[in-house]
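Please treat every number below as a calculation from the coordinates, not as lab data. Computed from a predicted structure; not experimentally measured. Counting neighbours? That spans all protein chains shown, and the Cβs are built from the backbone with ideal geometry, glycine included.
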Amino acid sequence: MKVASLRSCAPREFDDMLVELKRYTEEQFRLCVQAPPDHLSRLQGRAQHALEITTLFEGASKTADRIAAKATPSAGLSAAVPQRR
């Protein structure tokens, strides 16, 4: 929910950050593929970490959207439910 809050406060900046995280992740992947054998495990760890962070931020905002959608009943559903008097 904190990531969603951050995204809603600064959506353009949040999207810009995601773009940069993806660029960084791609660069780490490239370095991993080009790594000499004695540096492979270190660079592979960096690539995995970059992917985890990127996935965390992308997934957290999507998850927050789903949570918010479930917490807020839609107008169509409330109109279909009979009201008690």
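Residue-level check: of (1) touching a Leu at 6+ places or on another chain (Cβ under 8 Å); (2) loosely packed, with under 11 Cβ neighbours inside 10 Å, residue 47 misses just (2).
Could you check residue 57 against (1) closer than 21 Å to residue 69 by Cα; (2) exposed (fewer than 13 other Cβ atoms within 10 Å of the Cβ) and say which number it fails? (2) is the only condition that residue 57 fails. Is at least one residue of segment 19-28 free of Cβ contacts under 8 Å to residues at least 40 places away in the same chain, surrounded by 13 or more Cβ atoms within 10 Å (Cβ to Cβ) and aliphatic (A, V, I, L, M)? Yes: segment 19-28 contains one or more residues that are free of Cβ contacts under 8 Å to residues at least 40 places away in the same chain, surrounded by 13 or more Cβ atoms within 10 Å (Cβ to Cβ) and aliphatic (A, V, I, L, M).
Table: residues versus (1) under 29 Å from residue 65 (Cα atoms); (2) aromatic (Phe, Trp, Tyr); (3) in a helix (DSSP H, G or I); (4) out of contact with any Phe, Trp or Tyr (no Cβ under 9 Å at 6 or more places or on another chain).
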{"site": "8", "(1), (2), (3), (4)": "yes, no, yes, no"}
{"site": "18", "(1), (2), (3), (4)": "yes, no, yes, no"}
{"site": "23", "(1), (2), (3), (4)": "yes, no, yes, yes"}
{"site": "30", "(1), (2), (3), (4)": "no, no, yes, yes"}
{"site": "38", "(1), (2), (3), (4)": "no, no, yes, yes"}
{"site": "44", "(1), (2), (3), (4)": "no, no, yes, yes"}
